[in-house]
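First the structure, which I've put down as structure tokens, then a few questions once you've had a look.
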Amino acid sequence: MRVGFGVLGPVTAWDGAGSAIALKGPRHRAVLARLIVARRRVVPVTRLVEDLWADPPPGAVGAVRTFVAALRRALEPERPPRAPAGLLITEGPGYALRAEPDAVDAWRFERAVAAAATLPPDAALARLEEALGWWRGPAYAEFADAAWARAERSRLAELRLHAIERRAEARLSLGLAAEAVPDLDAHVAEHPWREDAWRLLALALYRAGRQGDALAVLRRARTLLVEQLGVDPGPGLRRLEADILAHADHLDPLAGASGAAGQVWARAAAAYDRTVASGARARLESTVGLLRSLAVTGGGGLEAARLHRVAAIAAAEELGDAALTARVIGAYDVPAIWTRADDPEQSAAVVAAAERTLTALPPGGHEAARARLLATIALESRGTPPHALRARGTPSARGVQAARQAERIARGLDDPALLAFALNGVFMQTFHRAGLASRRDGIGAELVTLSARHDLVTYEVLGHLIRLQARGALADFPGADGHAAAADRLAERHELPLVGVFTRWYRALRLAETGRAPVAEVETAYRKAAARLDGAGMPGLEHGLLPLALLCLRVRHGRQAPTGERTDWGPYEPWVRPLVLLAQGRRDAAGTALREVPDPPHDLLFEALWCLTARAAVLLGDRATIRRAHSELAPAAGELAGAGSGLLSLGPVARYLEELAATGSAGQEGR
């Protein structure tokens, strides 16, 4: 069960369905809160006793252990008796809460605010609005008097005030000055010592056409600072007052292109809001168009688009108009390059809605709408469903069928944009076996040519990224370099910041494959690439990727897997575990883990995960797995394992095939 924790308000915990978990009494919550403050580090039992009681009673240590036991039962209700805890663990002299990085609202808040600083104003505004909405009251609300919580409460409170001010800056950048005024007015009333808040309020008032009010705010700020603190306003406030009196050009949002665009956007949006009735169906189609544009603006935009997409589909279905629902679903033709869904549950919901809509469309006509629904099914059915892995699942037969049907219809209609969308679905369904890099390279080449001819910029970028991956798999790094550079040029020209996430990772892979850079330098490059994922809004890509890349680098150089237990391998843990256990000297456990490992999902890391499995099978002499691995990897004999992802590499597949063949032959001779 995935557990979430809330400290931006009263301390609480939620289960995977979002329901509150009963945490018993205040000392139970205090233990949980204290461990969250420790940020995954161990807190000794003696420290917990000191923090929970000013004058610890006899048996305090035993009481703490009782609290921990009760918390474990609440947080991991399905854990078998005597099985080791996986969340609230015992380590050395104390306890640690090993929550996921996104499981605690305060940790997510920090990341969101940091990420917003790197985003364009519209994406930053969406990110900050969402993050500020997570606050339910003062941080660690019921522990305001606890010494152990004081510093963390103060830090989070300051970060929240900073986020409010950065949200106001984003609104001002977008020409939404009038919108910014009410929140800023309340902000300075509660926190009158923050000069930057006064500056932003005065600027918002000035840009909203309220020059007199802006000057009055600055005078009020000066009076408060002088009379109550005995200090003069800082240079920022003094300069703003002078600029307002002089009607300085730089204060006018129309003085620059970005300000003009913001004003146009604000006025057009206001006019649309006044003109188009709130229940009009046109609003749904307009919303999806907006979400499609939002999804390529950066991490905040991508997350916001994902958040609202299913709601838009549900609203369309409620109206009972299949053609409208088809347009709402099919209009979200956002290019996708990674083969693991960011939100599998949402993907399943979109596929189900698309299937219902296909059935509901009247026969005859609507061919373009059908093709878009089919392309959506192909895209959202990417990879092997997690629940199918143990059964050695293959890519969804429906996904493959849908991709082919969408492509056939799109070619028949001679619709370039529709064909580009369909080809993206075809790409997502070309992972049914190893060694298909050349096939994907052909899809990428057609996308580049088609998109350049018809000005489909985002699909032209997609084509270059697909070819970057494919040429990497084929060890054509000069070719891959060219596609990385082309993708970066288009991204810079058309403000597509997420493209840089993939090209930065590719360059770390490229550095590793030169064979000339020291391992430490390559590791640094991978860590810098991983930093670009923070706030990128792509958990399906981010989770477990850096540890996997570093492991592949170690294996590539003939080193053992890391032996630590704290590494979060994310979805790749089953294929990594045998090598980790071998590195720990636990050969029997490694053999058991290898026998239980499922076939890898059919995606961009298919060959890489098979090669990790192959390496463990060779080391353990597991002939059954050796035969399976050899059979699965043989079609990719001419490729680099994993390089088709554009992210990491284990070197030539041929090398692993040779090891498998040699070990298998030795095993046969020994019989």
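The values are calculated or read from the model by the stated rules, or taken from the named source; none is laboratory data. Note that this is a predicted model, so its numbers are computed, not measured. FYI the Cβ positions are ideal-geometry reconstructions off the backbone, even for glycines, and counts take in every protein chain you see. Note: areas computed on protein heavy atoms with side chains; ligands, DNA, RNA excluded. Shrake-Rupley method; radii C 1.70, N 1.55, O 1.52, S 1.80 Å.
So which of Ala38, Ala22, Ala33 is touching a helix residue (DSSP H, G or I) at 6+ places or on another chain (Cβ under 8 Å) and surrounded by 16 or more Cβ atoms within 10 Å (Cβ to Cβ)?
Criteria check complete, one pass: Ala33.
If Gly638 satisfies all but one of (1) in a loop (DSSP other than H, G, I, E, B); (2) surrounded by fewer than 20 Cβ atoms within 10 Å (Cβ to Cβ); (3) in contact with an Asp or Glu (Cβ under 7 Å, 6 or more places away or on another chain), what's the number of the condition it fails?
Among (1) in a loop (DSSP other than H, G, I, E, B); (2) surrounded by fewer than 20 Cβ atoms within 10 Å (Cβ to Cβ); (3) in contact with an Asp or Glu (Cβ under 7 Å, 6 or more places away or on another chain), the lone unmet condition for Gly638 is (3).
Okay, moving on. Select from the stretch 41-99 the residues that are among the charged types (D, E, K, R) and within 19 Å of Phe143 (Cα to Cα) and write down the one among them that is least open to solvent (accessible area, probe 1.4 Å).
Among those that are among the charged types (D, E, K, R) and within 19 Å of Phe143 (Cα to Cα), it is Asp51.
Working only within the stretch 332-345, note down all residues that are in contact with a Leu (Cβ under 9 Å, 6 or more places away or on another chain) and without any contact (Cβ under 8 Å) to a residue 60 or more places away in the chain.
Scanning the stretch 332-345 gives a single hit, Tyr332.
Moving to a separate point now. Do we find a residue being more than 37 Å from the chain's Cα centre (by Cα), open to solvent by 50 Å² or more (accessible area, probe 1.4 Å) and within 21 Å of Glu169 (Cβ to Cβ) anywhere in the stretch 184-198?
No, every residue in the stretch 184-198 fails to be more than 37 Å from the chain's Cα centre (by Cα), open to solvent by 50 Å² or more (accessible area, probe 1.4 Å) and within 21 Å of Glu169 (Cβ to Cβ).
Can you say whether Leu161 is open to solvent by less than 50 Å² (accessible area, probe 1.4 Å) and either under 16 Å from Gly299 (Cα atoms) or touching a Ser or Thr at 6+ places or on another chain (Cβ under 6 Å) (or both), as far as the supplied structure shows? If you could, list the steps in order and put the result at the bottom.
Details: open to solvent by less than 50 Å² (accessible area, probe 1.4 Å): yes; either under 16 Å from Gly299 (Cα atoms) or touching a Ser or Thr at 6+ places or on another chain (Cβ under 6 Å) (or both): no.
No: the conditions fail for Leu161.
From the list Leu35, Leu75, Leu88, Leu97, pick out the single residue that is of a type outside the set (Phe, Trp, Tyr) and more than 23 Å from Gly544 (Cβ to Cβ).
Checking each option against the conditions leaves just Leu35.
Looking at this structure, is Gly644 open to solvent by less than 20 Å² (accessible area, probe 1.4 Å), modelled with pLDDT of 95 or more and under 23 Å from Arg467 (Cβ atoms)?
Yes.
Being open to solvent by 10 Å² or more (accessible area, probe 1.4 Å), closer than 30 Å to Val296 by Cβ and free of Cβ contacts under 8 Å to residues at least 24 places away in the same chain: is that true of Gly133 here?
yes
Here are Ala417, Ala403, Ala422: which of them is in a helix (DSSP H, G or I), in contact (Cβ under 8 Å) with a residue 12 or more places away in the chain and in contact with an Asp or Glu (Cβ under 7 Å, 6 or more places away or on another chain)?
Ala422
Only one of (1) farther than 23 Å from Tyr459 by Cβ; (2) under 20 Å from the mean Cα position of the chain (by Cα) is not met by Ala295, so which one is it?
So the condition that Ala295 fails would be (1).
Name the single residue, out of those in the stretch 208-228 being among the charged types (D, E, K, R) and under 20 Å from Leu172 (Cα atoms), that is least open to solvent (accessible area, probe 1.4 Å).
Filtering first and then ranking leaves Asp213.
Please enumerate the residues belonging to the stretch 548-604 that are touching a residue at least 12 places away in the same chain (Cβ under 8 Å), assigned to a loop (DSSP other than H, G, I, E, B) and small (Gly, Ala, Ser).
Selection gives Ala561 alone.
This table checks each residue for (1) in contact with a Leu (Cβ under 6 Å, 6 or more places away or on another chain); (2) surrounded by 23 or more Cβ atoms within 10 Å (Cβ to Cβ).
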| site | (1), (2) |
| --- | --- |
| Pro598 | yes, no |
| Leu604 | no, yes |
| Thr613 | no, yes |
| Gly621 | no, no |
| Arg655 | no, no |
| Gly664 | no, no |
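Okay, next question. Taking Glu152 as meeting all but one of (1) open to solvent by 40 Å² or more (accessible area, probe 1.4 Å); (2) charged (D, E, K, R); (3) under 30 Å from Gly18 (Cα atoms), write down the number of the exception.
(1)
Residues that are at pLDDT below 95 and within 29 Å of Ala417 (Cα to Cα): which helices (runs of 4 or more DSSP H) entirely in the stretch 439-546 hold 2 or more of them?
Per the criteria, 477-494, 499-514, 539-542.
Could you check the stretch 243-329 for helices (runs of 4 or more DSSP H) lying wholly inside it with 3 or more residues that are modelled with pLDDT under 85 and polar (S, T, N, Q)?
257-275
Considering only residues that are touching a helix residue (DSSP H, G or I) at 6+ places or on another chain (Cβ under 8 Å), assigned to a loop (DSSP other than H, G, I, E, B) and of a type in the set (Gly, Ala, Ser), which ones fall in the stretch 92-124?
Ala99, Ala117 - these are the residues of the stretch 92-124 that are touching a helix residue (DSSP H, G or I) at 6+ places or on another chain (Cβ under 8 Å), assigned to a loop (DSSP other than H, G, I, E, B) and of a type in the set (Gly, Ala, Ser).
Can you tell me which of Pro539, Pro518 is open to solvent by 50 Å² or more (accessible area, probe 1.4 Å) and touching an Asp or Glu at 6+ places or on another chain (Cβ under 7 Å)?
Every option except Pro539 fails the conditions.
Still on this structure, I have one more. Can we say Ala168 is among the small types (Gly, Ala, Ser), in contact with an Asp or Glu (Cβ under 8 Å, 6 or more places away or on another chain) and within 21 Å of Val113 (Cα to Cα)?
Criteria met by Ala168.
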